[in-house]
Every structure is written in C-alpha cells, then in structure tokens.
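Right, one structure below, let's go through it.
The values are calculated or read from the model by the stated rules, or taken from the named source; none is laboratory data. Note that the structure is a prediction, hence the values are computed from the model and not measured. Neighbour counts are summed over all protein chains in view; Cβ atoms, including those assigned to glycine, are modelled from backbone coordinates with ideal geometry. Protein only, heavy atoms only, side chains kept; ligands, DNA and RNA dropped before computing areas. Shrake-Rupley method; radii C 1.70, N 1.55, O 1.52, S 1.80 Å.
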Amino acid sequence: MVHGMVMLIFIYSTCLVLVQRVEAADPDPLVDFSANATTPVFRNIFVNGDVSIGSGGVRAALDIGKFPGLTSEGLTVVQFKMVPCGENVPHTHPRATELLSLISGGPLQAGFVDTKGQAHIHILYPGDLIVFPRGLLHFELNVGTETAFYLSALNSQNPGTLDAAGAVLQLPERAAAIAFNQDIATVGALKSQRPYNEPPTLEAAKPGVCVPGQLISTTV
C-alpha cells in the first residue's frame with residue numbers, strides 16, 4: 001500500500017514537471033506557415049526592421065509585428081552593427097536562450113554570469129558563436145578597431161529584454177543603495193544619468209573607459 005502511494009506521488013510529480021516544461025516554452029506551430037504572412041523573406045532589416053540607434057551602433061530586430069512569417073515559429077532575430085568600444089549593455093532575456101554569431105569585424109568580448117556568480121567571458125572572432133542561456137545576465141563589447149557585424153537568434157517569438165543596470169535603478173533609492181553598497185546621494189546621481197534602456201540601444205564607452213584594440217582579454 002505504501003509502495004503504491006509512493007509510486008503515485010512519483011508519477012504525479014513527474015507529470016507536473018513535464019507540464020511545467022511544456023508551459024514554459026513557446027507553443028508548437030499548428031500550421032506550416034502563418035496565414036498572416038505573404039512571404040518567408042524579409043529584406044533589408046537595417047531599414048525595414050525594428051531599428052534602434054545608440055551611441056554604440058545600430059540594432060535591428062525582427063518580431064512577428066515586423067515579420068509575420070515568424071508567427072508561431074518560436075524565433076526572434078536581431079542584427080547588430082557595433083562601433084569600436086560600443087557595448088550591448090548587460091541584460092537578460094527572461095523567456096529565451098540566445099545564440100550569437102560574429103560575422104565580421106570586432107573582435108567581441110562577450111559572456112554571461114551564471115547563478116553561482118561565475119563569469120564566463122570569451123573573445124569572439126568572425127565565424128565564432130556563443131550561447132547565452134535563458135534568463136542569465138550577458139553582454140557584448142566591441143574590443144577591436146573595426147565595426148562588429150553580428151546576429152542573434154532567440155528561441156521565442158517574445159523573449160523579452162531586461163536592462164540590468166537600468167532595472168536596478170528603477171528600485172527605491174534605499175534598495176538600490178544597499179544593493180550597490182553606496183550612499184543615497186551616489187545612487188540618486190546614477191538614477192539621473194542612467195534611464196532604463198527601452199528600446200534597447202547600443203552604448204559607446206565614455207573617454208578613458210575603453211581604447212579600441214586594447215585589453216583584448218577574458219579578464220573579469
């Protein structure tokens with residue numbers, strides 16, 4: 001009797017885990033190709049995509065609003081042109097894993113921090129790829145002397161992007177001050193200089209912070 005109850009609990013727990021995993025992913029497509037899409041081709045993403053321009057370069061994204069052909073395919077695509085010492089500032093995607101590929105230029109310093117606080121930092125050269133696991137804090141910085149052209153694919157049609165520094169500075173000043181181990185005045189000054197980054201843009205380093213072609217390393 002006890003053994004039977006244990007088996008029932010085990011089966012129920014397993015089913016619950018499987019259901020939660022299914023609910024956590026984008027649903028499977030129900031059709032071959034979205035009825036709202038007229039073509040599987042999208043042309044000139046840096047003109048016709050969701051383009052955001054920052055001091056560090058240009059970001060052009062595709063979602064189902066811009067490209068109905070992505071509907072129910074569980075994909076988002078973003079392309080980047082990042083100037084030397086430009087950065088895609090630290091952020092997370094709460095609903096997607098990201099695969100990034102450097103096509104030309106750079107190199108890029110890129111990496112993420114895992115839930116143990118371990119930083120995984122790498123230098124990417126043209127032809128290299130890196131994966132950013134779902135929900136983990138990550139960044140890209142052009143440490144080279146040439147504009148970096150790279151692209152990212154994310155396994156959700158709505159991955160979400162959370163600007164890490166901007167998000168912390170949206171908290172009450174006391175909470176942010178404790179998190180940064182700073183005083184209220186310092187956090188207040190940061191809040192006035194650093195708005196939440198939405199839509200996401202690439203940012204250039206201030207003078208003296210980064211020199212193109214120098215400190216090409218994985219040092220934290």
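Checked against (1) open to solvent by less than 40 Å² (accessible area, probe 1.4 Å); (2) at pLDDT 95 or above, Leu99 passes all but a single condition, namely (1). Considering only residues in region 23-55 that are assigned to a loop (DSSP other than H, G, I, E, B) and of a type in the set (Gly, Ala, Ser), the one that is farthest from the chain's Cα centre (by Cα) turns out to be Ala35. For region 104-124, does any single residue satisfy the condition of being open to solvent by 30 Å² or more (accessible area, probe 1.4 Å) and touching a helix residue (DSSP H, G or I) at 6+ places or on another chain (Cβ under 6 Å)? No, the conditions are met nowhere in region 104-124. With respect to the stated conditions, Gly74 fails to be buried (at least 20 other Cβ atoms within 10 Å of the Cβ) and either touching a residue at least 40 places away in the same chain (Cβ under 8 Å) or within 13 Å of Phe139 (Cα to Cα) (or both).
Residues that are within 17 Å of Ala205 (Cβ to Cβ) and of a type outside the set (Lys, Arg) within region 59-93 comprise Phe80, Met82, Val83, Pro84, Cys85, Gly86, Glu87, Asn88, Val89, Pro90, His91, listed in sequence order. The C-beta contact set for region 119-134 (first residue closer than 12 Å to Gly106 by Cβ, second residue of a type in the set (A, V, I, L, M) and not in a strand (DSSP E or B), distance under 9 angstrom, 6+ apart or interchain) comprises Ile123/Ile216.
Of all residues in region 180-189, those that are hydrophobic (A, V, I, L, M, F, W, C) and open to solvent by less than 70 Å² (accessible area, probe 1.4 Å) total 2.
Quick check: is even one residue across region 190-206 without any contact (Cβ under 8 Å) to a residue 40 or more places away in the chain, open to solvent by 50 Å² or more (accessible area, probe 1.4 Å), among the hydroxyl-bearing types (Ser, Thr, Tyr) and out of contact with any strand residue (DSSP E or B) (no Cβ under 7 Å at 6 or more places or on another chain)? Yes: one or more hits. Report yes if Val58 is modelled with pLDDT of 95 or more, farther than 22 Å from Leu137 by Cβ, under 26 Å from the mean Cα position of the chain (by Cα) and not basic (Lys, Arg), otherwise no. Judged against the criteria, Val58 is a match. Restricting the first member to region 28-53 and to residues that are touching a residue at least 40 places away in the same chain (Cβ under 8 Å), and the second to residues that are loosely packed, with under 14 Cβ neighbours inside 10 Å and of a type outside the set (A, V, I, L, M, F, W, C), the beta-carbon pairs closer than 6 Å and six or more apart or on different chains are Ser52/Pro199.
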